[in-house]
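The values are calculated or read from the model by the stated rules, or taken from the named source; none is laboratory data. Bear in mind the structure is a predicted one, so any value in this text is a computation, not a measurement. We place every Cβ from the backbone using ideal geometry, glycine too, and count neighbours over all the protein chains shown. Calculation scope for accessible area: heavy atoms of the full protein, side chains included, ligands and nucleic acids excluded. Shrake-Rupley method; radii C 1.70, N 1.55, O 1.52, S 1.80 Å.
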Amino acid sequence: MANPLAPKAQTGASSFGLLLLRLALGVALCLHGWPKVQHIADWMNVFGMTDPAPGYLQAMAAVSEFAGGIAVAVGLLTPLAALGIACTMGYAVWFHISAGHAYLESGSGPAYELALVYLAAALCILFCGPGKLSLDGVMFKRD
């Protein structure tokens, strides 16, 4: 049985592209998650969101963004981190759409386009793997 953590076979160029995508996604999510882990179970209330999710879901989202962002950036346990991020961003897209937020952010309030971009990037990393230029690539080499 193939190791699900082993990176899929890729060229050097595609591994470099995945490295850039992982770094951009990981750093951005880590920065978005940092204020949330400061108020881990009630960040939606702290940031003034109406109809917040239960505390345990807020905690899971905060950890997914912060710790998952770090894991994706360095390429450690990347499929698990990308899956957690994809689930969190899927919920974020649904939350924003159901709240009637626009696609593009305007002066009138938040939007869902950023969550949608993060979702697409997480799914790309989940389906393509972390690439050779990752800790997963070093630790779980594919023979």
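Counting only residues that are at pLDDT below 95 and either open to solvent by 80 Å² or more (accessible area, probe 1.4 Å) or not in a helix (DSSP H, G or I) (or both), the stretch 78-93 holds 1 of them.
The residue that is modelled with the highest pLDDT, counting only those in the stretch 127-143 that are in a helix (DSSP H, G or I) and touching a Pro at 6+ places or on another chain (Cβ under 6 Å), is D136. Of everything listed in (1) part of a helix (DSSP H, G or I); (2) over 16 Å from F127 (Cα atoms); (3) over 19 Å from the mean Cα position of the chain (by Cα), the single unmet condition for S14 is (2). The set of residues in the stretch 94-126 that are modelled with pLDDT under 95, open to solvent by less than 20 Å² (accessible area, probe 1.4 Å) and among the β-branched types (V, I, T) is empty.
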